[in-house]
Amino acid sequence: MIEVTSTEFAKRFSQYRLAAHRQPVAVTHHSRITEVLVSKEDFDEYMRLKSLMTRTLPVTDLSEEAVRALSEAEMDSRHEALNALLDE
């Protein structure tokens, strides 16, 4: 990853825009990375992977109906062998 100050990035934007096609360009401000410029292909891959992430909700965000349904849910009998793992 290339690391460059925000001033340098602004002066040579075109150069760093092209460089981002080969590797990410980290832009710093007061010695801290504040932005990262990546190629469209890298961004698309990031968004694809992000969409695959598991999403969770706190129980407090669920409706009473959803909480009740979850508490009453039963595992399919085909997975009965997994119950033995809980007893260990």
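Here, each number is a calculation from the coordinates, and none is a lab measurement. Here the structure is a predicted model, which means the values were calculated and not measured. Using ideal geometry, Cβ is built from the backbone for each residue, glycine included, and neighbour counts are taken over all protein chains shown.
Each of Ser51, Met1, Leu86 was scored by the projection of its Cα onto the charge dipole of the chain, and the greatest displacement toward the positive side belongs to Met1; charges sit on the C-beta of Lys, Arg, Asp and Glu. Note on the chain: with a GNM built from Cα contacts shorter than 10 Å, the maximum mean-square fluctuation among Leu70, Leu57, Leu49 falls on Leu70. Checking every one of the trypsin sites (Lys or Arg not before Pro) in segment 1-76 against DSSP loop status and a limit of 15 other Cβ atoms within 10 Å picks out Arg12, Arg22, Arg55.
Tell me the net charge near Leu70. Cut-off is 14 Å between Cβ atoms, Leu70 excluded, with +1 for each Lys or Arg and -1 for each Asp or Glu. Value of the local net charge: -4.
DSSP bridge analysis restricted to segment 2-73 gives an antiparallel fraction near 55%, rounded to the nearest 5.
A value for percent of Cα pairs over 17 Å apart was derived from the coordinates, and within the list (1) 70; (2) 62; (3) 48 it appears as (1).
Using alpha carbons only, how many degrees (0 to 90, rounded to 10) separate the axis of helix 40-51 from the longest principal axis of the chain? Tilt relative to the chain: about 20 degrees.
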